[in-house]
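Scroll down for the structure; my scribbles are underneath it.
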Amino acid sequence: MPRGSVELTNARREEIISACERLYQTMSFKEITLKDIAAATSFTRTSIYNYFQTKEEIFLALMQKEYERWVEALDAMAQSYTTMSAEAFSSALAHTLERRGMLLKLLSMNHFDLEENSRPECLRDFKVAYGASIEAVRRCLVKFFPRMDARAQQDFLYAFLPFLYGVFPYTTVSEKQRRAMAQAGLNFVYMGVYDLAFNCIRALLAAQ
């Protein structure tokens, strides 16, 4: 860890994560290198190793940050309403996802390799943020659907959370993919994040 204040260390980490986030908006995970990330910061590539040992650790930290942002949105949603119908809840929760495009893109990645190439302490911090998102959704269920027992909450979470991993691929389709599907004769229905999430959440609640 480099010498200096905790504030400087945190600021450097945030600069690296933000640089990675900007690059990932236009480049793929495979294309991005530590050299690219360093070039988008105010310091050298060698300095990055004082904060992150691998590219995977940086992406994991970015995903952690995205989960933390989503938790803030979920808590704000819970605090904004006293009661919500299933329809209103489905809409509000879908909107929180619609605003988290980066999180959804990150969720579509190969998490096994991402986590395997990160140090245990990095993985632990990420899991804390991930766990906080689960509990934030659970708190919403407890508040707005008090008749839903623990098993029903678990059933909802274990269906909803895995669903999130496929949202980005289903809602972000390249022209190459569109042409291939057309040539294959697939009658694919294109949907946005909000509509896809809303329909899923509403169906899960109706099943309870």
Quick check: is even one residue across segment 111-133 surrounded by fewer than 18 Cβ atoms within 10 Å (Cβ to Cβ), under 14 Å from the mean Cα position of the chain (by Cα) and at pLDDT below 95?
yes
K105 being within 15 Å of the chain's Cα centre (by Cα) and among the basic types (K, R)
yes
Hits in segment 15-27 - residues which are in a helix (DSSP H, G or I), closer than 18 Å to S108 by Cβ and hydrophobic (A, V, I, L, M, F, W, C):
C20, L23
Tell me whether segment 103-114 contains one or more residues that are within 19 Å of A197 (Cβ to Cβ), touching a helix residue (DSSP H, G or I) at 6+ places or on another chain (Cβ under 6 Å), among the basic types (K, R) and not assigned by TED's automatic domain parsing to the domain that holds A19.
yes
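Let's see how each residue does on (1) under 20 Å from E115 (Cβ atoms); (2) in contact (Cβ under 8 Å) with a residue 60 or more places away in the chain; (3) in contact with a helix residue (DSSP H, G or I) (Cβ under 8 Å, 6 or more places away or on another chain); (4) part of a helix (DSSP H, G or I):
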site	(1), (2), (3), (4)
R13	yes, no, yes, yes
F29	yes, yes, yes, no
Y51	yes, no, yes, no
E56	yes, yes, yes, yes
E66	yes, no, yes, yes
E72	no, no, no, yes
Q79	no, no, no, yes
S91	no, yes, yes, yes
Go through segment 134-157 and count every residue that is surrounded by 14 or more Cβ atoms within 10 Å (Cβ to Cβ) and assigned to a loop (DSSP other than H, G, I, E, B).
2
What residue, of L60, L97, is buried (at least 21 other Cβ atoms within 10 Å of the Cβ) and closer than 19 Å to L196 by Cα?
L97
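At pLDDT 95 or above and surrounded by fewer than 16 Cβ atoms within 10 Å (Cβ to Cβ): is that true of L161 in this structure?
Numbers: at pLDDT 95 or above: yes; surrounded by fewer than 16 Cβ atoms within 10 Å (Cβ to Cβ): yes.
For L161, the condition - at pLDDT 95 or above and surrounded by fewer than 16 Cβ atoms within 10 Å (Cβ to Cβ) - is met.
The values are calculated or read from the model by the stated rules, or taken from the named source; none is laboratory data. Please read these numbers as outputs of a predicted model, since none were measured by experiment. When we count neighbours, we look across all protein chains shown, and the Cβ atoms used for this are built from the backbone with ideal geometry, even at glycine.
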